[in-house]
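Trainee: One structure follows; several queries about it will come next.
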Amino acid sequence: MTDNAPVSAIDIEQSDIKSNITITPSAQEYLAELLAKQETPGIGVRIFVEHPGTPRAECCMAYNQPGEEDEADLQMPFEAFTAYIEASSVPYLEDAVIDYNKDRFGGQLTFRAPNSKVPKVGADASVEERINYVLQSEINPSLAAHGGDVQLLELIEEEGVGLTAVLKFGGGCQGCSAVDMTLRQGVEVQLKQQIPELTQVVDDTDHSQTANAYYK
């Protein structure tokens, strides 16, 4: 197993989905040993990104028990196990590298994904992905002039209300006396123009914290 070459996009392709994520030979060996300790035939690893395309993006790996995989998962078969990449996470794992480096304390598994925080939007993008794209590519660059930023916390669908985007401001926008105007006349207007499914935008920031506020 340690003789295996890193996996490339040519090796991992099924249907219309492909990935160039690399799991190095040392990482493959480490994961194989870790999985063997579970004593569960057919167990694999699941690879995914939480909060993809946002500053909160986090690359994750978890055990994949037999039968837990999704039909849409991108499968990476190795000699001792199979890795399953969540389909929606594939674009955010472009150029990702999972490696294992031994040291005197044993070793460390590293997961580098330079594109996990980069917002992406396509024809089939979800509402969440489209909101994050607008926030990160258009709104936050403007707020950065005042040292501020805004993130999507969650989307809430309520009968009679519609779709609500819950936002959180940070940096110079947190506790800023002008934040309501920023929300109503700037952020909300821009989001609704580009995301017609949205019915309202609300702020869930604790504005009692004013230490870094641009206007106090």
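Trainee: Would you mind stating whether Gly172 is touching a strand residue (DSSP E or B) at 6+ places or on another chain (Cβ under 7 Å), within 19 Å of Ala145 (Cβ to Cβ) and either in the same structural domain as Gln136 (by the TED database) or of a type outside the set (D, E, K, R) (or both)?
Mentor: Considered against the rule, which asks whether it is touching a strand residue (DSSP E or B) at 6+ places or on another chain (Cβ under 7 Å), within 19 Å of Ala145 (Cβ to Cβ) and either in the same structural domain as Gln136 (by the TED database) or of a type outside the set (D, E, K, R) (or both), Gly172 comes out as yes.
Trainee: Restricted to the stretch 126-152, and to residues that are surrounded by fewer than 17 Cβ atoms within 10 Å (Cβ to Cβ) and of a type in the set (A, V, I, L, M, F, W, C), which residue is nearest to Glu197 (Cα to Cα)?
Mentor: Val127
Trainee: Out of everything in the stretch 71-88 that is assigned to a loop (DSSP other than H, G, I, E, B) and open to solvent by 70 Å² or more (accessible area, probe 1.4 Å), what residue ends up being nearest to Glu128 (Cα to Cα)?
Mentor: Among them, the one singled out is Glu71.
Trainee: A follow-up question, please. How many residues does the stretch 33-50 contain that are open to solvent by 70 Å² or more (accessible area, probe 1.4 Å) and part of a loop (DSSP other than H, G, I, E, B)?
Mentor: 4
Trainee: Then there is this: Is one or more of the residues making up the stretch 152-167 over 16 Å from Val127 (Cβ atoms) and at pLDDT 90 or above?
Mentor: no
Trainee: Mind counting the residues in the stretch 51-70 that are within 27 Å of Tyr133 (Cα to Cα) and either at pLDDT below 90 or open to solvent by 50 Å² or more (accessible area, probe 1.4 Å) (or both)?
Mentor: Residues in the stretch 51-70 being within 27 Å of Tyr133 (Cα to Cα) and either at pLDDT below 90 or open to solvent by 50 Å² or more (accessible area, probe 1.4 Å) (or both): 10 in total.
Trainee: Enumerate the pairs (first residue in the stretch 142-154 and within 13 Å of Val201 (Cβ to Cβ); second residue anywhere and open to solvent by 60 Å² or more (accessible area, probe 1.4 Å) and in a strand (DSSP E or B)) with beta-carbon separation below 6 Å, excluding pairs fewer than 6 apart on the same chain, so at least 6 apart or on different chains.
Mentor: Gln151/Lys168; Leu153/Lys168
Trainee: Among the numbered criteria (1) under 16 Å from Tyr133 (Cβ atoms); (2) in contact with a helix residue (DSSP H, G or I) (Cβ under 6 Å, 6 or more places away or on another chain), which one does Cys173 miss?
Mentor: Condition not satisfied by Cys173: (1).
Trainee: Lys120 passes all but one of (1) at pLDDT below 90; (2) of a type in the set (D, E, K, R); (3) more than 25 Å from Leu163 (Cα to Cα); which number fails?
Mentor: It fails just one condition, (3).
Trainee: In addition: Please enumerate the residues belonging to the stretch 90-146 that are among the hydrophobic types (A, V, I, L, M, F, W, C) and within 30 Å of Gly186 (Cα to Cα).
Mentor: If the condition is that a residue be among the hydrophobic types (A, V, I, L, M, F, W, C) and within 30 Å of Gly186 (Cα to Cα), then Val118, Val121, Ala123, Ala125, Val127, Ile131, Val134, Leu135, Ile139, Leu143, Ala144, Ala145 are the ones that fit.
Trainee: Right, next: Taking the stretch 94-111 as the search range and keeping residues that are touching a residue at least 24 places away in the same chain (Cβ under 8 Å) and charged (D, E, K, R), which one is farthest from Ile195 (Cα to Cα)?
Mentor: Looking at residues that are touching a residue at least 24 places away in the same chain (Cβ under 8 Å) and charged (D, E, K, R), I get Lys102.
Trainee: Out of curiosity, is Lys216 touching a residue at least 12 places away in the same chain (Cβ under 8 Å), assigned to a loop (DSSP other than H, G, I, E, B) and open to solvent by 50 Å² or more (accessible area, probe 1.4 Å)?
Mentor: yes
Trainee: Could you tell me how many of the residues in the stretch 174-205 are in contact with a Lys or Arg (Cβ under 9 Å, 6 or more places away or on another chain) and surrounded by fewer than 12 Cβ atoms within 10 Å (Cβ to Cβ)?
Mentor: Number of matching residues: 1.
The values are calculated or read from the model by the stated rules, or taken from the named source; none is laboratory data. Everything numeric in this text was worked out from a predicted model, so none of it was measured. Positions of Cβ are backbone-derived with ideal geometry, glycine not excepted, and every protein chain shown enters the neighbour counts. Heads up: the accessible areas ignore ligands, DNA and RNA and are worked out on the full protein's heavy atoms, side chains in. Shrake-Rupley method; radii C 1.70, N 1.55, O 1.52, S 1.80 Å.
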